[in-house]
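Novice: Below is the structure I would like to discuss, written out as structure tokens.
The values are calculated or read from the model by the stated rules, or taken from the named source; none is laboratory data. A quick note: this is a predicted structure, and the numbers were derived from the prediction, not measured. Don't worry about glycine lacking a Cβ; one is built from the backbone with ideal geometry, like all the others, and counts go over all protein chains shown. All accessible areas refer to the heavy atoms of the entire protein, side chains included, with ligands and DNA or RNA removed. Shrake-Rupley method; radii C 1.70, N 1.55, O 1.52, S 1.80 Å.
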Amino acid sequence: MKAVLLTSHGGPEMLRYGEAPDPTAGPGEVVVDIHAASVNAADYKVRVGGAYGNIKFPHILGRDFSGVVSAVGPGVTDLAIGDDVFGVTDQGIEGTYAEKVAVKAAIIAKKPDHLGHAEAAALALTSLTALWAIEDTAHLKAGETILIQGGAGGVAGFGIQLAKHLGAVVITTASAGNHAYVRSLGADQVIDYNVEDFATKVSNCDVVFDTVGGDVRVGSYTVLRPGGRLVWVAPAPERFRPPRTDVDTLRPNVIRDRAHLERMLALLDAGAVRPPTITRYKLANAAEAHRVSESRHLRGKLVLEVR
Ligand SMILES: NC(=O)c1ccc[n+]([C@@H]2O[C@H](COP(=O)([O-])OP(=O)(O)OC[C@H]3O[C@@H](n4cnc5c(N)ncnc54)[C@H](OP(=O)(O)O)[C@@H]3O)[C@@H](O)[C@H]2O)c1
């Protein structure tokens, strides 16, 4: 099969389009012929060596996908060859920048016809992450105020829609060019972080969802009310210690499971969320998508079209 192979840690030029062995379906697994895979911020971090430091090269990046089941392993009874499916590889496993992937059947879901492959891939890891963070970890309630850092990104964009659906007041940060986009997702207040310090514009938040990290995390503590919750998916500066003991600092465990993918589909059917803005690339052009991802200023999701 064709795949994008990471040949060594380094720049986007380390991604080579070439041949890789076809995967086989082990017990409890299916092989999916991938139609679309999404690019997540985690991918360039793995590429440069910041995560999964001991990977074996050539390595195939990529965590989420949408496609069609082409082989079924022993013990799989709920999926069949020809089913449209989408999902996220298990924690610690990658390989969706490719024409095929083997994945545990239990952690993926059937894709409805009304959702395109690109849209399903774009929603897979972002929706799991936002659902685990906002519903299962922060337990955001109607009437609460949440500040979502980095609203134009993949995870945060889903988070804005989810938080609005749950009945929260949603404040977010974005560059001026993305303000109309994040408002269209449901943000009640948008702060242009390039010209204003969010820490002086917001106070008394019940929840902060930090998808940016670094100095943004440091400043986020000042906007929380006593007893507030800071839930994060992007790391703080090295050796950072939370400056307050009267707020909770929470990291979601983004477990891959069918239940959360189906929760996302139910939200989609209810009209509570919609797919993000998508920029499409051919699989062979993954390096180009990585340059955009690594710039940290994009809107919505970058998706690799495989078929
Ligand atoms: N399992 C997990 O824990 C998990 C899962 C998924 C993602 N993550 C992490 O979550 C983070 C976000 O991932 P993602 O894929 O959603 O990222 P992304 O789609 O690449 O988001 C980048 C966005 O960040 C915004 N941004 C950059 N600097 C900003 C700042 N200082 N203030 C506000 N917004 C800023 C940019 O918007 P503008 O152009 O408007 O600046 C851009 O839209 C990453 O660190 C990723 O590794 C963790």
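Novice: Would you mind finding the one in Pro252, Pro226, Pro243 that is in contact (Cβ under 8 Å) with a residue 12 or more places away in the chain, in contact with a helix residue (DSSP H, G or I) (Cβ under 7 Å, 6 or more places away or on another chain), more than 15 Å from the ligand (Cβ to nearest atom) and not charged (D, E, K, R)? Even if it seems obvious, please write down each step before you answer.
Specialist: Numbers: Pro252 fails: more than 15 Å from the ligand (Cβ to nearest atom); Pro226 fails: in contact with a helix residue (DSSP H, G or I) (Cβ under 7 Å, 6 or more places away or on another chain).
Just one listed residue meets the conditions, Pro243.
Novice: Could you figure out which of (1) in contact with a Gly (Cβ under 8 Å, 6 or more places away or on another chain); (2) under 17 Å from Ser8 (Cα atoms); (3) among the small types (Gly, Ala, Ser) isn't true of Gly50?
Specialist: Every condition holds for Gly50 apart from (1).
Novice: Residues in the stretch 276-293 that are near the ligand (Cβ under 9 Å from one of its atoms), in contact with a helix residue (DSSP H, G or I) (Cβ under 8 Å, 6 or more places away or on another chain) and farther than 20 Å from Gln161 by Cα: how many? Lay out the reasoning, then the answer.
Specialist: Start the filter on the stretch 276-293 by keeping residues that are near the ligand (Cβ under 9 Å from one of its atoms), which leaves 276, 292-293.
Okay, now just the ones that are also in contact with a helix residue (DSSP H, G or I) (Cβ under 8 Å, 6 or more places away or on another chain), so 276, 293.
Then drop every residue that is not farther than 20 Å from Gln161 by Cα, which leaves 293.
Selection size over the stretch 276-293: 1.
Novice: If you check Pro252, Pro226, Pro235, Pro242, which single one turns out to be under 19 Å from the mean Cα position of the chain (by Cα), open to solvent by 30 Å² or more (accessible area, probe 1.4 Å) and not hydrophobic (A, V, I, L, M, F, W, C)? Before you say what the answer is, go through the steps one by one.
Specialist: Numbers: Pro252 fails: open to solvent by 30 Å² or more (accessible area, probe 1.4 Å); Pro226 fails: under 19 Å from the mean Cα position of the chain (by Cα); Pro242 fails: under 19 Å from the mean Cα position of the chain (by Cα).
Criteria check complete, one pass: Pro235.
Novice: If a residue counts only when it is closer than 21 Å to Thr277 by Cα and away from the ligand (no atom under 15 Å from the Cβ), which helices (runs of 4 or more DSSP H) contained entirely in the stretch 90-202 have at least 2 such residues?
Specialist: Working: elements: 117-130, 154-165, 179-185, 198-201.
It comes to 117-130, 154-165.
Novice: Just to verify a result, which residue in the stretch 203-221, among those that are more than 15 Å from the ligand (Cβ to nearest atom) and free of Cβ contacts under 8 Å to residues at least 40 places away in the same chain, is surrounded by the fewest Cβ atoms within 10 Å (Cβ to Cβ)?
Specialist: Checked the stretch 203-221; the qualifying residue surrounded by the fewest Cβ atoms within 10 Å (Cβ to Cβ) is Ser203.
Novice: Please work out if Ala259 is open to solvent by 20 Å² or more (accessible area, probe 1.4 Å), small (Gly, Ala, Ser), within 13 Å of the ligand (Cβ to nearest atom) and under 29 Å from Leu61 (Cβ atoms). It would help to see each step written out before you state the result.
Specialist: Numbers: open to solvent by 20 Å² or more (accessible area, probe 1.4 Å): yes; small (Gly, Ala, Ser): yes; within 13 Å of the ligand (Cβ to nearest atom): no; under 29 Å from Leu61 (Cβ atoms): yes.
It is false that Ala259 is open to solvent by 20 Å² or more (accessible area, probe 1.4 Å), small (Gly, Ala, Ser), within 13 Å of the ligand (Cβ to nearest atom) and under 29 Å from Leu61 (Cβ atoms).
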